[in-house]
Amino acid sequence: MNEVEVVVAHSERATLRVGDVFLKVDADQARIDVEVEMVSLAPVPTPEILWRKPPVLAIAALPGTTLGRLGRPSTGSPAAWAAAGAAIREQHPDLAGLDIREVAGGWGNQMWRLGDELAVRMQRMDPTPELQFNERRWLPVLAPCLPLPVPTPVRSGEPSPRFPKHWTVMTWVPGDPLDCSSISRGDHAADALAGFLRALHVEAPADAPVSGDRGGRPKECADGFDRFFHAVVPDDLADDVRAVWDDAVAAPEWEGPPLWVHGDLHPANVVVSDGTLSGVIDFGDICAGDPAWDLAAAWVVLPAGAASRFFDAYERADAGTIRRARGLAALRSLFLMLMGRNGDLGLPGGKPAWGPAGRAALERVLKG
């Protein structure tokens, strides 16, 4: 008798493997209907459907390596993968011959590698397409001025029966995300990040996007800080973390014109090659505001001991800006820790790798 292996187990559904057969058990038969349809539309080999007896769908195994991790759901289900291929074939048939491969990570958008030079961002957790629209509008303007590679839009996808949300084909930025890698050349990375932010932090035009939760004064984020703080701050660090945040709130506010701000610099949104920064990705939160939001990366992204060199190379941050940036780094560190905890618990949107990254960043913040 063949051994039964639990491949994925959710509260709502499960996938079992028995020899060369996968058994998908799902009480929601509408979801299975979508998967069966998408498998038929996929532009690459798909598993044969052997039989269907609700709530069970039996499919044949294919050779190769699965996208998900044993015991954890894949971020891109077979149905999502098939939908991506079907949407590309329908709206951009000249790209249909390129291989489609899941890119691990992503939160607001599911990422798919398209051939060797392109990627597809498909709206997932983001409630509206506005963040993708911001990237489409502004990255072609900003990218030529930036000294590190960034993704640039080359095609757009509209909602359709194949995929009911917006999606964008972008250039692929080579490298490994920092949450899956490390920086070994700290001085080089500090200089690279400083040069990138000097180029990005220029006065934004009047029609630049303004974010409700990025780019503003730290005190406007007090509720979010308190929520993260009470959820995950270690007891032995609580007083020190609170002091850093209170100092940021008390620091002088940004009095210059609103500058272009990436808005979401953390280890999953920068890529590393040869031990140093080699690119910046995910500009969905780009907005006009206080540069301190990006300068928090001195602690959140760079390794221990690199913050001082970074600020020397950046040259434009006064004492008040550094105080705000340090408090915002504490905020971002707690957020990463919370997302890591959610990932460890198997909650939707959780990222197990972000927990250790957040704790290390918080320790760097407290060292100053």
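Ellipsoid fit via the Cα gyration tensor, region 123-180: semi-axes of 23, 15, 11 Å, each the root of five times an eigenvalue, largest first. The mean of 1/r over all pairs of different alpha-carbon atoms in region 78-171, once inverted, gives a Kirkwood hydrodynamic radius of 13.5 Å. Annotation: the chain has a Kirkwood hydrodynamic radius of 22.0 angstrom, from the mean reciprocal C-alpha pair distance. By the beta-carbon count within 10 Å of each Cβ, the least crowded to most crowded order of CYS221, CYS287, CYS180, fewest first, is CYS180, CYS221, CYS287.
With no solvent and one point per C-alpha, what does the Debye sum give as log10 I(q)/I(0) for region 176-367 at q = 0.08, 0.09, 0.10, 0.17 Å⁻¹? For region 176-367 at q = 0.08, 0.09, 0.10, 0.17 Å⁻¹, log10 I(q)/I(0) is -0.23, -0.29, -0.36, -1.12.
For ARG316 and LEU345, the FRET efficiency from 1/(1 + (r/R0)^6), where r spans their Cβ atoms and R0 equals 45 Å, is about 0.65. Remark: spin-label model distance ALA199-VAL25 equals 5.4 nm, labels positioned 7 Å along the Cα→Cβ axis.
Annotation for TRP51 and ALA206: the two label points, set 7 Å from Cα along the Cα-Cβ direction, are 7.0 nm apart. With the simple spin-label model, which puts each label point 7 Å out from Cα in the Cβ direction, the GLU158 to GLU90 separation comes to 1.2 nm. Dipole orientation for region 78-171: of the candidates LEU148, ALA119, GLY108, GLY108 has the Cα lying most toward the positive pole (charges on Cβ; Lys, Arg +1; Asp, Glu -1). Once backbone amide H atoms are built at 1.01 Å from N, SER160 has LYS165 as its partners under 5 Å, excluding neighbours fewer than 5 places away on the same chain. Per residue of the chain, the DSSP helices (runs of n ≥ 4 H) give a summed -39500 (n - 2.57) that works out to -11500 deg cm²/dmol at 222 nm. Shown for the chain: lysine pairs separated by 8 or more places, or found on different chains, whose C-alpha atoms are under 28 Å apart, numbering 7.
Every number in this text was worked out from the coordinates using simple rules, so none of it is lab data. A quick note: this is a predicted structure, and the numbers were derived from the prediction, not measured. Counting neighbours? That spans all protein chains shown, and the Cβs are built from the backbone with ideal geometry, glycine included.
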